Amino acid sequence: MSGFAAALIRWQKAHGRHGLPWQGGRDPYAVWLSEIMLQQTQVSSVIPYYQRFLASFPDIATLAAASQDEVLAHWSGLGYYSRARNLHQAARQVMERHGGVFPAEFEQILALPGIGRSTAAAISAFAFGMRRAILDGNVKRVLARYFAVAGYPGEKSIEALLWLRAEELLPHVGIETYTQALMDLGATVCTRGKPACDSCPVNADCQARQQGLQAVLPYTRPRKALPERETTMLLLLREGEIFLEKRPPAGIWGGMWSFPEIAREEDPQQACLASFGFETETLKPLPHVQHTFTHFRLHILPQPLTVSALQLRACLAGGMWLSVDDALGAAIPAPVRQLLLLCRKGDAEKPAD
């Protein structure tokens, strides 16, 4: 065992994170679910979602039998919704192709939707004790500093070098503890800002620390101006209910429920009449909402309207009328939830000036 691995294993047993809801067992379903939820999301945010999700979908068969709406509703607010859609699709594949038993072979795990090399390795290590290297964002940072690897870890050549380092350091025993130690070290000690180098179990050999490069390494993604987009969301109100429509299965917020959208230059009343057969009266606009995705920033202009006349076409438009409380329980993205809460307060019922 390398000195690096031995030091991390000792440190994890004494100072690492213990008692997390998904720790202490080898149920591959529970491990898989936790690893998917933890992608790009902090542990503190994941815990309540994980517990609720597992209570409603305690096994692969239950998850596979659920509707996508049910799955997305349990994911609502956690973000990166493609994870939930892939999780659901993968559960159905496990039922169809593996007889309902989560596969133990690495290549079969990797073939499931939404599972990349590092996630497959983590599942293999925690659920099956397999000797596989992980390389998530935290681990990239740890190794980039430990070996003083210059360059942005998202570049293929730099990532390939970090994978090589990660595989070289793998111990032959204690793989579960070592894998957890790497995750814990990156999340709690070797953090992006102000790393706690004095508490690091491998600080004596860390090349970034020796060279005073902790604040420099790893290099950040080359900055590009984030594109800006605008949309107007129509909050259609009728007799205490609000109108939601289902988004297309692919793309942003795929398969979730949201408000109808129009371009900013379109007239809301004319758009409602043309698209849905709704005759409406305009209310006072709600405050501007901003939502940032990985690749662009969306500016949402919420426009409430009361529906004064409703034709049959409205029932055939792929939408549904719900009370605000019921709408809050549906599979909705975060900005829609924010606007629904304003509606519940009555902010969407003020007359236009």
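Here is the figure for segment 121-163: residues that are touching a Phe, Trp or Tyr at 6+ places or on another chain (Cβ under 8 Å) and over 19 Å from Thr179 (Cβ atoms) total 4.
Looking at segment 2-42, which of its residues are within 15 Å of Leu182 (Cα to Cα) and of a type in the set (A, V, I, L, M)? Matches in segment 2-42: Ala5, Ala6, Ala7, Leu8, Ile9, Ala14, Leu38. For segment 36-65, enumerate the residues that are surrounded by fewer than 16 Cβ atoms within 10 Å (Cβ to Cβ) and among the small types (Gly, Ala, Ser). Hits for segment 36-65 are Ser44, Ser45, Ala55, Ser56, Ala61, Ala65.
Of all residues in segment 207-252, those satisfying the criterion of being under 21 Å from Ser323 (Cα atoms), surrounded by 14 or more Cβ atoms within 10 Å (Cβ to Cβ) and touching a residue at least 60 places away in the same chain (Cβ under 8 Å) are Met233, Leu234, Leu235, Leu236, Leu237, Arg238, Glu241, Ile242, Phe243, Leu244, Glu245, Lys246. Does Val149 meet the test of being free of Cβ contacts under 8 Å to residues at least 24 places away in the same chain and among the β-branched types (Val, Ile, Thr)? For Val149, the condition - free of Cβ contacts under 8 Å to residues at least 24 places away in the same chain and among the β-branched types (Val, Ile, Thr) - is not met. Considering Arg132, Arg141, the condition of being in a loop (DSSP other than H, G, I, E, B), of a type in the set (D, E, K, R) and in contact (Cβ under 8 Å) with a residue 24 or more places away in the chain is satisfied by Arg132 alone. Checked against the criterion of being closer than 16 Å to Leu237 by Cβ, in contact (Cβ under 8 Å) with a residue 60 or more places away in the chain and not aromatic (Phe, Trp, Tyr), the candidates Thr292, Thr282 yield just one match: Thr282. Across segment 40-89, the qualifying residues are those that are in a loop (DSSP other than H, G, I, E, B), hydrophobic (A, V, I, L, M, F, W, C) and at pLDDT 95 or above, and the one among them that is farthest from the chain's Cα centre (by Cα) is Ala66. In contact with an Asp or Glu (Cβ under 8 Å, 6 or more places away or on another chain) and modelled with pLDDT of 95 or more - does that describe any residue in segment 144-151? Looking for residues that are in contact with an Asp or Glu (Cβ under 8 Å, 6 or more places away or on another chain) and modelled with pLDDT of 95 or more, one finds at least one in segment 144-151, hence yes.
Listed by position, the strands (runs of 3 or more DSSP E) contained in segment 272-353 that have at least 1 residues being at pLDDT below 90 are 278-282, 297-310, 319-323. Of all residues in segment 109-154, how many are farther than 16 Å from Phe4 by Cβ, surrounded by fewer than 18 Cβ atoms within 10 Å (Cβ to Cβ), more than 23 Å from the chain's Cα centre (by Cα) and of a type outside the set (A, V, I, L, M)? Going through segment 109-154 one residue at a time, the tally reaches 2.
Within segment 24-57, being among the aromatic types (Phe, Trp, Tyr) and more than 19 Å from Asp136 (Cα to Cα) holds for Tyr29, Tyr49, Tyr50, Phe53, Phe57. What's the number of the condition Phe259 fails, among (1) more than 21 Å from Gly79 (Cβ to Cβ); (2) of a type outside the set (Lys, Arg); (3) crowded, with 19+ Cβ neighbours inside 10 Å? Of everything listed in (1) more than 21 Å from Gly79 (Cβ to Cβ); (2) of a type outside the set (Lys, Arg); (3) crowded, with 19+ Cβ neighbours inside 10 Å, Phe259 misses just condition (1).
The values are calculated or read from the model by the stated rules, or taken from the named source; none is laboratory data. Everything numeric in this text was worked out from a predicted model, so none of it was measured. Please note: Cβ atoms are built from the backbone with ideal geometry, for glycine as well, and neighbour counts cover all protein chains shown.
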